[in-house]
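What follows is a single structure, written as structure tokens, with notes after it.
The values are calculated or read from the model by the stated rules, or taken from the named source; none is laboratory data. Fair warning: this is a prediction, and the values are worked out from it, not measured in the lab. Methodologically, a virtual Cβ is constructed for each residue, glycine included, from the backbone with ideal geometry; neighbour enumeration extends over all protein chains shown. When the accessible area is computed, the model is the full protein with side chains, heavy atoms only, and any ligands, DNA or RNA have been set aside. Shrake-Rupley method; radii C 1.70, N 1.55, O 1.52, S 1.80 Å.
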Amino acid sequence: MTLDMNSIIPQLQAVVGAEYVIHKPEDLIVFEYDGSVDRALPTVVALPDSAEQVSECVKIAERSGLPIVARGAGTGLSGGAVAEHGGLVLAMTRMTRILEVDVENRVAIVEPGVVNLHLSEQVSKHGLYFAPDPSSQRACTIGGNVAENSGGPHCLAYGVTTNHVLGLEVVYADGGIEWVGGIHRESPGFDLRGIIIGSEGTLAIVTKIAVRLLRQPEAVKTLLAVFSELDDASAAVSGIIGAGIVPAAIEMMDELCISAAEAAVHAGYPEGAGAVLLVEVDGLAEAVEEEVAAVEEVCNLYDPLEIRTATDPVEREKLWSGRKGVLGALGRLAPNYLLVDGTVPRTRLVETLSRIKGISERTGYPIANLLHAGDGNLHPSVLFDERKPGDTEAALKIGGEILELCVEVGGVLSGEHGIGLEKQEYMPLMFTDADMDVMARLRPSFSTNNIFNPGKIFPTGASCSDIRQMAAAIQRAGPGAYV
Amino acid sequence: MVEAKHGEARIAPDFLFSGPDAPEESDLYKCVHCGFCLQACPTYLETGLETESPRGRIALMKAVNEERIGMTDSVIRHWDLCIQCRACEVACPSGVPYGSLIEATMAQVERRRKPGALARFAENVSLNHVLPHQGRLKLLMSAAKAYQRSGAQSLVRKSGVLRRLAPSLADMEASMPRVSSTYFSAKGQTVEAEGEARARAAILSGCVMPLVNGPEMDAVVRVLARNGCEVVAPERQVCCGAIHSHVGYLDAARKMARRNIDVFSEAGVDAVVVASAGCGSRMKEYAHLLRDDPQYSEKARRFSDMVKDIHEFLVELPFVPPRAALDCRVTYQDSCHLANAQRITSAPRRILDSIPGMEFVELPNAGRCCGAGGTYTITEREFSLRVLNSKMDDFETTGADVLTTANPGCLMQLQYGIAERGLPAQVKYVTDLLDEAYRRERSG
Amino acid sequence: MITRHLRTRDDLASSTIDGVEPISAVAPSSEDELREVVGAADGERLALYPRGGGTRIGLGGIPARPGIVVDMTRLNRVAAHNAGDLTATFQAGANMRMVAETLAQQGQMLALDSPLPARSTIGGTLATGLSGALKWHMGHARDTVIGMRVVQPNGSVTKSGGQVVKNVSGYDMSRLHIGGLGSLGVILEASFKLTPIPMYERTILASFDSLEGAMDVSMSVFNSHVMPLALASFGDSTARLMDVDPARPGSHVAFRLGGRPRTLDRQVDDVVKACREARAAHIGESPTPRLWRAISDFGWDADSLPDLGMRITALPSQTGDVIAAVEGCAAPDMEVAWLAHPGFGTVEGAWLGASSEGASAEDLIDIISEARRRVLTLGGWAIVLRCPTEVKRRVDVWGGEPRGSSVMRELKAQYDPNDTMNPGRYVGGI
């Protein structure tokens, strides 16, 4: 790349201010990563403060042929914010204003750098909240949520980001600023809003987001059911869904997770616990009581060791404590873990988990299973020790095998972390060349000139369909962190 | 893990980590850069810059460790800007011991940093030659007291002469502690328990606190005695060494730690009670500081287990709830070294809750640092005030007339903030209020 | 080659769209036949007009040129119903009533209520993207789709999404086809997340002397803890056209409530209380299936088929203003009826001429421009759902260029370079 950075840097500085252009080599190091294992150094980083500044930065980069990677808090788990081909990283962390809250219509307009949880905190005085609640919600930005179409434990009942975004103000590759969708619940024409959400920053840069807010539920009740067998717990999940109950969240942990959690936070699970289900129901007080009773009835069919319920916030927090502490606690079982993110049909949970167990037994690597079970989203964590020669490669291979299994039983490659760099080589497991070609043509449709986040989502290998290039592909996959 | 070295030339060895006090590699790589720490970090919140975040600072440590970059001035700048509030440790799901990483890093920086700058010299003198010695410190304080009492201080402030002549000196003057009329001094004295003795506790006198907050230290002793504690103040104790390790003088800190371990171990007490959060956290971590010292590592572990923060100690006793009422609206600012390093957040609140008549109101973002950070308030004046400013904005929303906290650095910083804004509020220790309520019992 | 797919009984006249008679009409019976038809038409530069049950075939502009109408109703399989997983996949030609009946056997439903379910299809409902009353609770049509297979204009079949409820693998291409009016390809198959049918349902119908009262109660329930399955408001003309008899004249609000017994009781109590507080003139109950069927069909079935139908969207709090605007746009000898979904901020207006030959084009054009003028001041937008071809020649049914229209045109150029799919009928002349 022949770039005249001596001219580009002052141009960017003139737009966003000298303090907010980062170009020293040692400073760029802190922008080479996100929450995934991938790393790549950007050429320069700018922190714009408005859509107009974003537009000017985009124009500068476009003129120079510099790739542009938008970045929120950098908490993503699939390498979406990693500047794979260098270029200009636009970090949106200065654009943190909540511009408007329309309480009556339950709409808010926010800047992309607003931290997910901050919005809910800000509108809680009106009894409202923003429903998508990724586990990184204390740190991740709503702009990042839009890019990755993030979910969270409670998306079972309330849906993912796209279901809560009404409109976006975006900057196109030519610097043009435009709203797609708006503050209304419908608008004419193609759903550009819907296509940009989840596009991992490859189509346009989002500069404002109109979101739908929900009313905080009147009551919340959490049920914790402990089973001695993982199969019983998975069957109970299918049983709950099959009985027509859609709780706000259904989370599940297996024996390994339980022992780690127990050691770390002393959650007080009974002796012999082989699986824990956490079910949360919210809504009208009466609905919560009736649904929890129904959930309890289903759980009782599967021979639980114990069932506990709580409505008081402090008591509920106790029930959640084991689940919330489990990932930090996995370090107690092994120095490293590889966290896989796939989704399978809920009716295939029992089978998938037992086959994962088979993989674990065959390879000798322990696999801890943590699941957003309600929507079939698995997070098997392969435990290994990178200091042992060959361990990392073996773990990565197992990760690939689990993803293949997910697709084989009718599932998908990623439930909530995105494809990014991490899983792009696996795309051919799910999609044909024709499927991917149709997807890829979105970029020219947005006239991106391929400057927005190039090298993401689609396989980079010469032959997309050569799934047997898995060995190379697996090298890309790696430990995610938090779910 | 190591990528191509940056630049053509190899990095000079003194720009790299070396020696026994280098950041622990296994701790560095516990960080999986998930970013959960970002919103806990006061400097990140002020700037929105990854370079001023815990994750960014660790990434720089890793990069130096991997010899991809050296400790250039700009890299050091990002570490210097860390207040070391350790709020990131609480937010971290992977258990990265950031406190010990930054401490070790600052020790590396100290080794490499060119001395000579006046400020560095002054810091060195005060930390290595004054703070450890109560006598010298007392002498300095007397001079300060004379300065404040004589009216010269208000003259100097009014004239603005200092600010024009030497802005950084003016900063130091502005945050100069309000020197109290009485000193607390550890002379080996024993204060009897009221009623039947329930415990025997040694009290850390500390360096700055006994001089700046003499009356407040007296209050701590009274509160302990009122709750059936026999209190001893061993004479040969020294400064805990927190500020030294904060800026990378680890050997000096170790020297003081060994001395304190010896002195307090001889006192025959159930607990070593510490009223300053910064000192408490330092002393609880003597075990880590002396982990490689064959003679002291075991002693240090035993000692660390005996150290109790005053609030923690009172709640565990448990303390006697006061019967007399106080009429005020109070809020509480978590001291970072209590909340983040010692993970104590409910004990001070339980004490405040126990005082009849007082209205407690939670301070928004109470867990966010006030910007004091030991010497940070002097070395990074501008940034410290930015952080303080956000804190004062939050405080004003509470409508409280008393702002409580648990550490002398925080107390002074908050007093400065309140004076700057001219707010009709007082800053006190939690134990001050408890003491006041106990004393009212007697008078009422 | 195309002719062998012709259905002999097909009457070309019935496939006429806005007076444009097709060159031929075909009804493929398999995926391969469909691919062949689409690919061949594209190759021969013939226009293609996909058609489901034909209930809303009038939506959109006048076809740019005669072409082939593709009747999808023979591709009507239930490809999968995974009841335990609350998901199902249907071919585009699947009939909405059949879909509902199939799912109901397992106590499940698809939260997509389209008019005239005996005729309308999955594909048509998605392509028009006009959600019915259930969107109040269940969201827009696009929120129920989890995966889709589409025949591209070149005849290839591509998929996006999957059959699981949580998925971020690749671009979500289905977004372009829901509400895309078949202008980028033919929807072949769609996978949905399903909803359990509530254990019990009741519908409260309240009447208010003033529109204000009806809107107040709508907003107060919208912002309460009660989440009705559906909430709709309508006036007296609408009630008469729907053959619904509210006990009192005025403005009416219907609440569709569902759940387990105590939950349902509580919702009914809260809604009745809210109605009382808003000074309802009458609060009663209405048989659920019949009322909501009538609400869904309004403006589309033979009894209420208007000369002019418009759909207007603004903010929920502006619903009353929109209704007032609709009511204010009448011509002599015309009846105006409105049906509103206040929680969504949409109002459907229907204008019916009194005489048998209907209203004059001039009158209708005046109404459209006046309605748009009024709606524009509220910041909303208005599309024409139905009007005579004569009016379409002179008025853009989509209300002009929407935001993002240059990207939309690029999408069209990318995916349908030969302008094969439904030419001339979509926004901005796409």
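Quick look at the numbers
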quantity	calculated
In degrees, nearest ten, helix C:211-222 long axis to first principal axis of chain C (Cα)	70
Extension reserve of the residue A:408-residue A:314 stretch, reckoned as 0.36 nm per residue once the Cα distance is removed	29.7 nm
Accessible area of region B:190-316 divided out per residue, in Å², using a probe of 1.4 angstrom	35
Degrees, to the nearest 10: C:361-378 long Cα axis against longest axis of chain C	70
Shape of region A:218-322, Cα gyration tensor, a/c cut at 1.5	oblate
Heavy atoms of residue A:92 accessible to a 1.4 Å probe, total area in Å² rounded to 10	10
Percent of Cα-Cα distances greater than 36 Å, calculated over chain A	31
Region A:264-308-region A:173-203 distance, computed between alpha-carbon centres (Å)	41
Partner lysines for residue A:423 [C-alpha distance under 27 Å; skip if fewer than 8 residues away on the same chain]	A:324, A:357, A:388, A:397, A:456, B:30, B:62, C:159, C:166, C:193
Cα gyration tensor, chain C - rounded (a/c under 1.5), prolate or oblate	oblate
Length-normalised contact order of chain C in % [C-alpha pairs under 8 Å, at least 6 apart]	17
Per-residue SASA entry for residue B:68, accessible area with 1.4 Å probe, Å² rounded to 10	10
Under 27 Å from the Cα of residue B:299 - lysines, other chains or at least 8 residues apart	B:187, B:255, B:284, B:308
Inter-centroid distance (Cα atoms) of region A:102-159 relative to region C:67-86, Å	35
Residue-normalised accessible area of region C:222-304, given per residue in Å² at a 1.4 Å probe	42
DSSP bridge orientation in region C:1-197 - percent antiparallel, rounded to nearest 5	75
Relative pair counts by distance (%), Cα atoms of region B:329-443, 10 Å bins	14, 48, 30, 7, 1
Solvent-accessible area, 1.4 Å probe, carbon plus sulfur percent, for region A:320-407	51
For region A:89-94, Karplus couplings with θ = phi - 60° (6.51, -1.76, 1.60), whole Hz, Gly/Pro x	9, 9, 8, 8, 6, 8
Within the protein assembly as shown, percent of DSSP bridges classed antiparallel, to nearest 5	80
Percent of Cα-Cα distances greater than 16 Å, calculated over region C:126-191	45
Accessible carbon and sulfur surface of region A:115-259 relative to its total accessible area, %, 1.4 Å	47
Partner lysines for residue B:391 [C-alpha distance under 25 Å; skip if fewer than 8 residues away on the same chain]	A:125, B:428
Region A:5-91: Cα Rg divided by the 2.2 N^0.38 Å rule of thumb	1.00
Exposure rank, largest accessible area first [C:297, B:218; 1.4 Å]	B:218, C:297
Mean residue ellipticity (222 nm) of chain A, computed from DSSP H runs ≥ 4 via -39,500 (n - 2.57), nearest 500	-10000 deg cm²/dmol
Solvent-accessible area buried by pairing C with A, both sides, nearest 100 square angstrom, 1.4 angstrom probe	6700
Taking the C-alpha atoms of the protein assembly as shown, convex hull volume expressed per residue in Å³	194
Cα shape, region C:306-392, gyration tensor, a/c 1.5 rule	prolate
Probe 1.4 Å, all protein chains present, accessible-area order of B:72, B:345, largest first	B:345, B:72
Residue-averaged beta-carbon neighbours from other chains (10 angstrom radius) around B:46-56	6
Cα-based helix-to-principal-axis angle, C:31-43 vs chain C, degrees rounded to 10	70
Chain-alone versus full-assembly comparison, region A:183-211, residues with accessible loss of at least 40 Å² (1.4 Å probe)	A:184, A:185, A:186, A:188, A:189, A:190, A:191, A:192, A:195
Solvent-accessible area, 1.4 Å probe, carbon plus sulfur percent, for chain C	47
Interface residues, region B:20-43 - accessible area loss of 40 Å² or more versus chain alone, probe 1.4 Å	B:33, B:34, B:36, B:39
Average accessible surface area per residue within region B:329-443, 1.4 Å rolling probe, Å²	36
